[in-house]
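To start, the structure under review is shown below, and the notes come after it.
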Amino acid sequence: MEDQILPTLYADVLLSIMEVSPTNVVATLMRTCRTLYHEGPKWILAEGHFIRDSPGETDRFLRSFCLFLLAEHGSRFQYLRQIYLGVSWISNQDIAEMLVQCVRQMTHRLEVLVFVIDLDALLDAHPGLVDAFCGLSNVKHLQVSTRGKKCFPVLKKTRAQLVSAELRIWQDEDDDALDPTPDLNPISLLSHSRETLQSLVCENWDRHHFPPGSVQYPAMKHLVITCEEIPRTAALVLAYPNLSHLTVQWDDLDLPTDTTLFLNALNAKRLVNVHSQANFLRSCQWKKLKEVTGPIEALFALGLDCQVERLIPQHRIRREADLIMLQLLIESLRPTYLRLDTLAEYFDERPFDIPDTFSKPEAAELRGIDINLSFKDDAPPDAPVEEYMAFLLYAVRKLPLENLSIEIDGEQFTERDEEDANIVGPTGSAGLYLHDFNFLGLAQGFLDVMPTLRKIKMELTGVWNPGGNTVRITRTDTEGERTVIVEAREGIRSVP
């Protein structure tokens, strides 16, 4: 048999192969010719590079990465647009010096800089790293995770004009080196980017408060705060006057469980914010705020007094106190959209229950509601689900809604077959009611009594309904013509 001769691939073909190949294949192709050796770094560095701690291997890997960048007279730095640093320990000072040299040459192209783990620990590796990182003037997106105070000079002195920043700080309770000072807060530290910053995520800056001051960020649109202390709303309004999306994550474990004491404690925090806004803002309020998200107690304690488009309480409305706060929030924020995760038992006729809340004049601003209904853990198998459905229709029938979505979780009223655990069936009168309920008829009923309603979706989870677990209806014109889609577990069927 004659020897087979492998065909020769032209460089342009190999370049095309390189473009869609993983890093290890690109590295292999780089050894074949000078052209590929020169072009390979474009694809290796295109997706960004992740440098992480590896026991016993960190120095070796970091040295290899630095040598790769420094090859070809440093021409490869132009391809590095993003880097993820997960290094917290460099034992060899020569390698630390090499890293400083590389960081100084990243300045012209690097746009995304992420410190995955403790930045303070990385800065301990070499005294030149602070100035090197500060010199990265082209960075637009910065993420910092840290435990101490060494990161503050990097944040304060950087020459970058940031578009987005994520700042996560973890500090021990006994760390007295992090006493709050007037300038150790995101508003002051990022003032170099006040004209460009559009998005900010802050986690655990409780000991470094947002102060009311003169620094404003007119381009800021998205703010996410995770904290153990409610921030001062006035300071946020002054610093970020054009904010469109606000998310507050807050969980105060010291709040009392008694309803009255709980509300009194939250109202005290709320009044502090209300009074501070009156003192600092007078006629100034957020005018472009579109969405507010967070636990309902956090949103209540902020003391907001401006209209928003979307109100999204993140956790289930599960306590009497939650119902009271929800009603007060709707009165003060007058949203046009509400996402409501609550208990079906709250669709009742008591004060502050959902029908009472939706009957207030401020609720008339609502144009869309997404309702997720579940049941109390101790709900009996004969729970009056039919009454809840009637109160649901009663609660929303007078609202000028255009979109309505209702999801009902009936899993609590099911049980597994004793012989085959894969078979789940309804239990009790509540489960049987959901199993046999005519969701299409109920959806049509909503449309009949709500002339403004254009789209409705009803979905049942946890319990199989032979008539269909999901119903979607769209009213296509003012004459009442409708398009109906009914979805069941066995498939989808259209109803004319």
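The values are calculated or read from the model by the stated rules, or taken from the named source; none is laboratory data. Computed from a prediction, not measured in an experiment: that's the story for all the values here. As a convention, Cβ positions derive from the backbone with ideal geometry for all residues, glycine included, and neighbour counts pool all protein chains shown. Protein only, heavy atoms only, side chains kept; ligands, DNA and RNA dropped before computing areas. Shrake-Rupley method; radii C 1.70, N 1.55, O 1.52, S 1.80 Å.
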>> Over the chain, what is the relative contact order in percent, taking alpha-carbon pairs closer than 8 angstrom and at least six residues apart?
In response: 6
>> Tell me the angle of helix 34-44 to the major Cα principal axis of the chain, expressed in degrees between 0 and 90 and rounded to the nearest ten.
In response: 30
>> For the range 264-401, what does the relative contact order come out to in percent, with C-alpha contacts under 8 Å and a separation of six or more?
In response: 20
> For the chain, what value does the Rg/Rh ratio take when both radii are computed over Cα atoms and Rh is the Kirkwood radius, given to two decimals?
Replying inline: 1.08
> Can you give the % of DSSP beta bridges in the chain that are antiparallel, to the nearest 5?
Replying inline: 25
>> Please report the spacing between the Cα centers of the range 385-460 and the range 18-39 in Å, no decimals.
In response: 58
> Given labels modelled 7 Å from the Cα in the Cβ direction, how far is it in nm from I423 to N438?
Replying inline: 2.9
> What is the set of long-range amide H partners of I406 at a cut-off below 5 Å, with H atoms built 1.01 Å from backbone N?
Replying inline: I371, K457, M458, E459
> Tell me, what % of the accessible area of the range 291-388 is carbon and sulfur with a 1.4 angstrom probe?
Replying inline: 43
> Helix 385-396: angle to the longest alpha-carbon principal axis of the chain, degrees 0 to 90, nearest 10?
Replying inline: 80
> Add -39500 (n - 2.57) for each DSSP H run of 4 or more in the chain, then divide by its residues: what number comes out at 222 nm, to the nearest 500 deg cm²/dmol?
Replying inline: -9500 deg cm²/dmol
>> Between H315 and K360, what's the calculated FRET efficiency when r is the beta-carbon distance and R0 is 30 Å? Round to 0.05.
In response: 0.85
> With +1 on each Lys and Arg Cβ and -1 on each Asp and Glu Cβ, how big is the dipole of the chain about its Cα centre, in debye rounded to the nearest 20?
Replying inline: 2760
> Relative to the longest principal Cα axis of the chain, at what angle does helix 259-280 sit, 0 to 90 degrees, rounded to 10?
Replying inline: 60
> Per residue, how much accessible area does the chain have with a 1.4 Å probe, in Å²?
Replying inline: 50
>> Let me check against my output: what whole-number percent is the relative contact order of the range 329-449, with C-alpha pairs under 8 Å and at least 6 apart?
In response: 25
> If you take the Cα Rg of the range 394-465 and divide it by 2.2 N^0.38 Å, with N the number of residues, what do you get?
Replying inline: 1.36
> Translational D (Stokes-Einstein, µm²/s) of the range 1-142 at 4 °C and 1.567 mPa s when Rh comes from the Kirkwood sum over C-alpha pairs?
Replying inline: 78
> Dipole of the chain (Lys/Arg Cβ +1, Asp/Glu Cβ -1, origin at the Cα centre): which of M458, L15, G294 lies farthest to the positive side?
Replying inline: L15
